[in-house]
1. Provide the per-residue ³J(HN,Hα) series for the stretch 96-110, in order, calculated from phi with Karplus coefficients 6.51, -1.76, 1.60 and θ = phi - 60°, each as a whole number of Hz, with x at glycine and proline positions.
2. How long is the gain from Leu36 to Ala71 if the chain were fully straight, where each residue apart is worth 0.36 nm and the alpha carbon distance is subtracted?
3. Taking R0 as 35 Å, what FRET efficiency do you get between Trp26 and Thr100 from their Cβ-Cβ distance, rounded to the nearest 0.05?
Amino acid sequence: MQEIRDLPLQRAKSGPSPVRWGTERWLKALWLVVFLALPLGCGQVRLVSPYDEQIDAGTSEAHTEIAQFVARMAIVAGSDKGTYASNADFYAGVTAKVSTLKLRAAARDKNAISVKLFEELLTSIGTLQELHKSGEAGGLSTALGGPHCRASTSRRVLRGQCCSLRKVSRCSSSRRASMQLSTS
């Protein structure tokens, strides 16, 4: 019986107290976290790809071409200049330009959002092309059902997609600038 009562005293004499042992463990864990977090916290964390000036400029250029084309088609609708056959080169050129921008975006890490937006833009250009073909001699405005119907919707969709691409590009630009400022 005497041995059971003396057991806590023997433990206390044989090593560090449970309170001290818990504090030492806590301090060791704290130092480990500090030494691991310090190098990791000072490194750059990228959520999106770095800014690409060529993608930004190319997107702006493609948007300008598309906006000018749609506006020009509204003006020349019903004439020979408004037919699909007279404007097939536009679709080939703008599709090639956007495909090249998509390829450039796909080659960079963490750029899935831009790639998806370029795919959506290519789909919209293809839809516009099909509508233009279906307008036959009347051109694009006839296929869209008049200047105030789906033409303005198509313009908004194309403009929105180009603007979304520009925002993603600017977002990565501002992240890069803030990262450079924080590491300076």
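Read-outs throughout are calculated quantities, based only on the coordinates presented, and are distinct from any laboratory measurement. Fair warning: this is a prediction, and the values are worked out from it, not measured in the lab. Backbone-built Cβ (ideal geometry, glycine too); neighbour counts: all protein chains shown.
1. 5, 5, 5, 5, 5, 5, 5, 4, 5, 5, 5, 6, 9, 5, 6
2. 6.8 nm
3. FRET efficiency, Trp26 to Thr100: 0.05.
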